[in-house]
Amino acid sequence: MKNIILLPADSYVVISKTVLSRNDTNVISMLYEPIIGYTAVALFYTLFDDLDKYSMMGEEYTHHHIMSVMGISMDDFVEARKKLEGVGLLKTYYKEEKDINHYVYLLYSPVSSYEFFHHPILNVVLYNNLGKEEYNKLLDYFKVPRVSLKDYSDITESFSSVFKTVPGTLEVNEKIAKRTTGNINISSNIDFDFLIESIPKNMYSDKCFNDDVKNLINTLSYTYNLDTEALISIVRDSIDEKGMIDKNYLRRSARNFYQFRNEGQLPTIIYSTQPEYLKKPAGDKSNWAKMVYTFENTSPYRFLKAKSGGAAPTSRDLNIIESLLIDQKLKPGVVNVLLSYVLKVNNGRLNKSYIESIAGEWKRLKVETVEDAMKRCEKEYKKRKKSMKSGPTKKKESSESIPVWLDKENKEDAASESDKEEMDDILNTLV
């Protein structure tokens, strides 16, 4: 995706692709907000406020306008906007021109509470963010009360018994506003040709693997960190007697498979990678750029697994990753840099207190990109060397292993064979 720099003078127009109901506002504030945060929700409603009372399209404004109205920075706006895009509440269109650039923001309704609690991603993320107790409270709030009508009779009148028919027809305007929801898009990592070929042809019908089923399989793959091989048996067992996929059974099987491998726990964000808008632009072919690419395109889980020679990270190490991502709110690529640095300078051990001290500093400094993290490691290493030289127990500089990207002479081009092999091994783990 093109790296677009948004300026306060750039203009935008808001177009509503939906009609919001009171229930929609409850779903956004109670179900979406724990996932995307208050600022993103406030931005959603602020964009709706830009519409006239009875209009589906607002006037043209600059982004300085919305920054002033909300009292936020441009970085805060972009982050909030991307969160709205990620959950399907907003679509953004962009047109580049000579003086100023123009944006169109399309607003969509949230999914219904029923769809939300049955969604394979939103439901799980909400549970992880809130915890079991708060999650169950929300579940109870949106439950439809059950009233027994066993002893009652249905005496409801029909339309025809109340109203008389009127001859004639009216032409329907297709442009009338209606409730519309956006889609949550996930890049596909599944080799569907291999998956389908691995299942006996007599088990499924020609219409079995339609687009809806493929989207569901891809979503479950993302949510539960399942590769193609792991999904083969899950998908095969989900085919019913008619040769079609039982979607509910497929969801349960994927969840059960994940929980079986993870001691009953639901998935977390340890499998996410660096956001696209924080990645280094393509084009640089140096080994430095290759290291940056590796950090950006590997999840912390897979990175740590590759560093351990393919062995799954321990529960203690996974807790460290989760803490860095959730508590310290570091980006996945930044977490990888921190893990790489600490493993190098601590002889392959993850010292939790040392990691947390660095992470706390990076959080305060708002370190978000991989390259910024690598530069911070350079400063941290200099501080560490100075402390060693002046401390009571002095160590020789040569006795401590350091990441190749801390070596000024090697930064732009050269890298040892072992570092090249390590990077290639990690890149080979990417699906």
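The values are calculated or read from the model by the stated rules, or taken from the named source; none is laboratory data. Only a predicted model underlies this, so the values are computations on that prediction, with no experimental measurement involved. Because the Cβ atoms are built from the backbone with ideal geometry, glycine has one as well, and the counts that use them run over all protein chains shown. These accessible areas exclude ligands, DNA and RNA; they are computed on the full protein's heavy atoms, side chains included. Shrake-Rupley method; radii C 1.70, N 1.55, O 1.52, S 1.80 Å.
Just one residue in the set Ile66, Ile35 is part of a helix (DSSP H, G or I) and open to solvent by less than 20 Å² (accessible area, probe 1.4 Å); that residue is Ile66. Quick check: is even one residue across region 352-370 at pLDDT below 55 and small (Gly, Ala, Ser)? No, the conditions are met nowhere in region 352-370. Of all the criteria given as (1) closer than 26 Å to Gly86 by Cβ; (2) of a type in the set (A, V, I, L, M); (3) without any contact (Cβ under 8 Å) to a residue 24 or more places away in the chain, the one not satisfied by Leu338 is (3).
If you go through region 329-344 and keep only what is over 10 Å from Val370 (Cβ atoms) and either polar (S, T, N, Q) or not in a helix (DSSP H, G or I) (or both), you end up with Lys329, Leu330, Ser340.
When Ile72, Ile28, Ile5 are screened for being among the aliphatic types (A, V, I, L, M), at negative phi and without any contact (Cβ under 8 Å) to a residue 24 or more places away in the chain, only Ile5 passes. Against the numbered list (1) buried (at least 17 other Cβ atoms within 10 Å of the Cβ); (2) of a type outside the set (Gly, Ala, Ser); (3) out of contact with any Lys or Arg (no Cβ under 8 Å at 6 or more places or on another chain), Thr314 comes up short only at (1). Inspect all residues belonging to region 375-388 and state whether any of them is within 22 Å of Ser286 (Cβ to Cβ), of a type outside the set (A, V, I, L, M, F, W, C), modelled with pLDDT of 85 or more and under 29 Å from the mean Cα position of the chain (by Cα). The answer is yes; a qualifying residue exists. Looking only at region 88-138, residues that are under 20 Å from the mean Cα position of the chain (by Cα), of a type in the set (A, V, I, L, M) and in a helix (DSSP H, G or I) come to 5 in all. Taking Arg349 as meeting all but one of (1) at pLDDT 85 or above; (2) open to solvent by less than 40 Å² (accessible area, probe 1.4 Å), write down the number of the exception. With (1) at pLDDT 85 or above; (2) open to solvent by less than 40 Å² (accessible area, probe 1.4 Å) applied to Arg349, the lone miss is (2).
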